[in-house]
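Read the figures in this text as sums done on the coordinates, not as results from a lab. Fair warning: this is a prediction, and the values are worked out from it, not measured in the lab. Here the Cβ is made from the backbone with ideal geometry for all residues, glycine too, and neighbour counts use every protein chain on show.
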């Protein structure tokens, strides 16, 4: 019985370690979906949104650029987290 409990604990630990990277991988997918959900936005705005989210998630400096790209970047930056 004690062996089964130890084996179960090891299985839980291995599973959680194996699944941890998958939680990180899905964040860019969330950014892409969130940014394209805004109807009527230009491709430059959507690209800026995705890049802002990416930059904030990777702790890069805020660098919005200009125009529609900058507007999207600001929205994406607000969704990211460092």
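Remark: 14, 75 ranked as 14, 75, counting other beta-carbon atoms within 10 Å and listing the fewest first. Across the stretch 47-64, the residues whose backbone nitrogen lies under 14 Å from the label position 7 Å along the beta-carbon direction of residue 79 are 47-57. Ordering 77, 53 from the fewest to the most neighbouring beta carbons within 10 Å gives 77, 53. For 82, 49, the sequence from fewest to most other C-beta atoms within 10 Å is 82, 49.
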